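Structure record follows, encoded as structure tokens.
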Amino acid sequence: MERVARLVVLVSGSGTNLQALLDEIAATGTGAYGAEIVAVGADREGIEGLARAERAGVPTFVRKVKDFATREEWDAALAGAVAAYEPDLVVSAGFMKIVGKEFLARFGGRFINTHPALLPSFPGAHGVRDALAYGAKVTGCTVHFVDDGVDTGPIIAQGVVEVRDEDYEDEGAALHERIKEVERRLLVDVVGRLARHGYRIEGRKVVIQ
Ligand code: GRF
């Protein structure tokens, strides 16, 4: 039997990307999908992302920045909590924190993030709003490996979404929802392919084997 990759998913909010992974794995089966979610971590309590994990019977953990004296201590604690589940891949799915040196030393090259814009355009916490403010006609989402910059790591896959005139009326809320529909499918596809086929990172190029 093929080995099933162990995933830890990190969330900060509604967790619909996490839910898409949970649903796909439940529908396909861990063996056929190639991965299972062994834990869900967060930087805050009381979020729907954690509730989704609990409903699915997946263990959860929370490491809040404010509970640690320094950002480095928080980063080390987060890395330790993730490492306890021995993941093959760590997925940042709407996790709104930048991890530090220790986390990247332990999980660099197997830590992926999903971002709601077509990188390298519009990195950072407001990718949807920034694309609208710039007047972009297309935007979308990017699944990429995390490096020590802000949304700068090697790109694995991207999905395109057209901007509509009416998107300016609600500050991008509807646009973000359309991006998230594409993003969830892309993330589910990418994580499964990385897990089933393996991959290598050649400079900026990600090759799925
Ligand atoms: C996604 O669009 C992600 O790219 C962004 O925040 C959103 C998270 O959505 N950083 P959810 O928590 O998975 O519903």
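Each reported figure results from applying straightforward, stated rules to the coordinates on display, with no laboratory input. The model shown is predicted, which means the values in this text are computed figures rather than measured ones. Methodologically, a virtual Cβ is constructed for each residue, glycine included, from the backbone with ideal geometry; neighbour enumeration extends over all protein chains shown.
Couple of notes before you dig in:
- Scanning the range 25-39 for residues that are buried (at least 20 other Cβ atoms within 10 Å of the Cβ) and either within 14 Å of the ligand (Cβ to nearest atom) or in a helix (DSSP H, G or I) (or both) yields a total of 3.
- Scanning the range 87-128 for residues that are within 14 Å of the ligand (Cβ to nearest atom) and within 22 Å of Gly192 (Cα to Cα) yields a count of 13.
- Residue that is touching a Leu at 6+ places or on another chain (Cβ under 8 Å) and acidic (Asp, Glu), where the choices are Glu45, Glu86, Glu73, Glu36: Glu36
- Only residues that are closer than 21 Å to Val82 by Cβ, within 16 Å of the ligand (Cβ to nearest atom) and in contact with a Phe, Trp or Tyr (Cβ under 8 Å, 6 or more places away or on another chain) were counted in the range 5-24, giving 4.
- Flag for Val82 being in contact (Cβ under 8 Å) with a residue 60 or more places away in the chain, surrounded by 21 or more Cβ atoms within 10 Å (Cβ to Cβ), of a type in the set (Val, Ile, Thr) and more than 16 Å from the ligand (Cβ to nearest atom): yes
- Positions within the range 118-130 being surrounded by 23 or more Cβ atoms within 10 Å (Cβ to Cβ) and either in contact (Cβ under 8 Å) with a residue 60 or more places away in the chain or out of contact with any helix residue (DSSP H, G or I) (no Cβ under 8 Å at 6 or more places or on another chain) (or both), in sequence order: Gly127
- Among the candidates Leu187, Leu175, Leu132, residue that is more than 25 Å from Gly100 (Cα to Cα) and either of a type in the set (Gly, Ala, Ser) or within 13 Å of the ligand (Cβ to nearest atom) (or both): Leu175
- For the range 164-209, a residue qualifies if it is part of a helix (DSSP H, G or I) and aromatic (Phe, Trp, Tyr), and exactly one does: Tyr168.
- Thr60 vs. criteria of a type in the set (S, T, N, Q) and under 19 Å from the mean Cα position of the chain (by Cα): yes
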